[in-house]
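In what follows, a single structure is set out as structure tokens and then discussed.
The values are calculated or read from the model by the stated rules, or taken from the named source; none is laboratory data. The structure displayed is predicted, hence computed values, not measured ones. Cβ sites come from the backbone with ideal geometry, for glycine too, and all protein chains shown count toward neighbours. Surface accessibility is based on the protein's heavy atoms, side chains included, excluding ligands, DNA and RNA. Shrake-Rupley method; radii C 1.70, N 1.55, O 1.52, S 1.80 Å.
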Amino acid sequence: MRTVFVSGKYVEETEAQVSVFDRGFLFADAVYEVTSVLDGKLVDFGGHARRLARSLKALDMKCDMEPAALLEMHRELVARNNVEEGLVYLQVTRGAADRDFAFPAPETSSTIVAFTQEKPLVNAEQAKTGIKIATLDDLRWGLCDIKTVQLLYPSLAKMEARKKGADDAWLLRDGMVTEGTSNNAYIVTQDGVIVTRDLSHAILHGITRKAVLHCAHVLDLKVEERPFSVAEAFEASEAFITAAAAFVTPVVEIDGRTVGRGSPGPVTQKLREIYIAESQKAAI
Ligand code: PDD
């Protein structure tokens, strides 16, 4: 039985309660973060806390806990649940109020929920095999840089990809890849250049993305932050995704076509290795 956190209290998961009037439930009026746990420690909590603050500001929403208190709570949850490897999910909502499209009074308390999930990350099966991608239209809203809990379309896209025999979807706007359903997308060209979509409202500004691009810089690899097409992805020597819960995961097939040699590529594997080593060192 897990211990979860609900607005100031640590409770057993079966005892946790959120109001039916909560705006997270009624309007998806909520933001979230997923922080990975390695060796019982949090990976890049600072980055996640900063992005949370950015999401909150973009939605004119408050969080009734300061970053220091959120950090302490994350650590407490990891300790209480003995998590060695996995993640902490954090959600902040605008709170509970009578259903109304207009925001409730500013003094309404935010709802803060967090829980842990154990998951093998370093020795994840998909890191060894690589994953298959199907491309689909990006039918999400226009502000994908805000990490809201409106995840229905990404969820539908993931299921559609599965129907097509793939593991996940890459989403397309005007024929160009934005990102994966819950990860950022990359290709490595035949010349060894890493290409990933530039930062804008079209993608989530991944915390792993930032760290992995830094690793690429340290390794002296060339990076181009720009949109790329599916046609360009078909010609790539490697492809991969990044996310807190996936680190760097190789992509070996796109729309039924083999990427490179059809197995995890050397640039992808090197980036994964370095990202994990650096994360283990810096985790708190
Ligand atoms: N997803 N793009 C999207 C649409 C995402 O949902 C995520 C994260 C990422 C990668 O961001 P980061 O590197 O900060 O995890 C990119 C999380 C893990 C999730 O929803 O479970």
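The chain gives an Rg/Rh value of 0.98, both radii derived from C-alpha positions and Rh following Kirkwood. When the chain is described by a simple charge dipole with +1 on each Lys and Arg Cβ and -1 on each Asp and Glu Cβ, the residue from 240, 32, 141 located farthest towards its positive end is 240. Neighbours of residue 33, meaning other residues whose beta-carbon lies under 12 angstrom from its beta-carbon, give a summed charge of +3 when Lys and Arg score +1 and Asp and Glu score -1. The reciprocal of the average 1/r between distinct C-alpha atoms defines the Kirkwood hydrodynamic radius, which for segment 3-118 equals 14.5 Å.
If only the Cβ of Lys and Arg carry +1 and only the Cβ of Asp and Glu carry -1, the dipole of segment 125-282 around its Cα centre is close to 400 debye. Label positions at residue 79 and residue 25, each projected 7 Å from the Cα along the C-beta direction, are separated by 3.1 nm. Measuring nothing but protein heavy atoms, the accessible surface of the chain at 1.4 Å probe radius is 52 percent carbon and sulfur. Across segment 125-282, the mean sequence separation of Cα contacts (distance under 8 Å, 6 or more residues apart), normalised by length, yields a relative contact order of 25 percent.
A simple spin-label model places the labels of residue 190 and residue 224 1.4 nm from each other, with each point 7 Å out along Cα-to-Cβ. Remark: spin-label model distance residue 1-residue 176 equals 5.3 nm, labels positioned 7 Å along the Cα→Cβ axis. Each listed q (0.11, 0.18 Å⁻¹) maps to a log10 I(q)/I(0) for segment 125-282 from the Debye sum over equal C-alpha point scatterers, namely -0.37, -1.07. About its Cα centre, the dipole of the chain is roughly 160 debye, where the only charges are +1 on Lys and Arg Cβ and -1 on Asp and Glu Cβ.
May I ask which of 62/147; 132/163; 9/147; 41/119 have a Cα-Cα span longer than 20 Å here? Listed pairs above 20 Å: 9/147. Note that segment 108-208 presents 45 Å² accessible area per residue, ligands and nucleic acids not counted, probe 1.4 Å.
Here residue 281 and residue 232 are evaluated by their C-beta separation; at R0 = 35 Å the FRET efficiency comes out at 0.55.
Annotation: peptides 176-187, 264-275, 121-132, 5-16, ranked by per-residue average of other Cβ atoms within 10 Å with the highest first, follow the order 176-187, 264-275, 121-132, 5-16.
Can you tell me how much longer the chain between residue 210 and residue 105 gets when fully stretched, taken as 0.36 nm per residue apart minus their C-alpha distance, in nm with one decimal? Length gained between residue 210 and residue 105: 34.2 nm. Using alpha carbon centroids, what distance separates segment 266-284 and segment 145-216, in Å? After rounding, the separation between the Cα centres reads 19 Å. Angle of helix 207-218 to the longest C-alpha principal axis of the chain, folded into 0 to 90 degrees and rounded to 10: 40°. Structural descriptor for the chain: relative contact order 19 percent, calculated from alpha carbon pairs under 8 angstrom and at least 6 residues apart.
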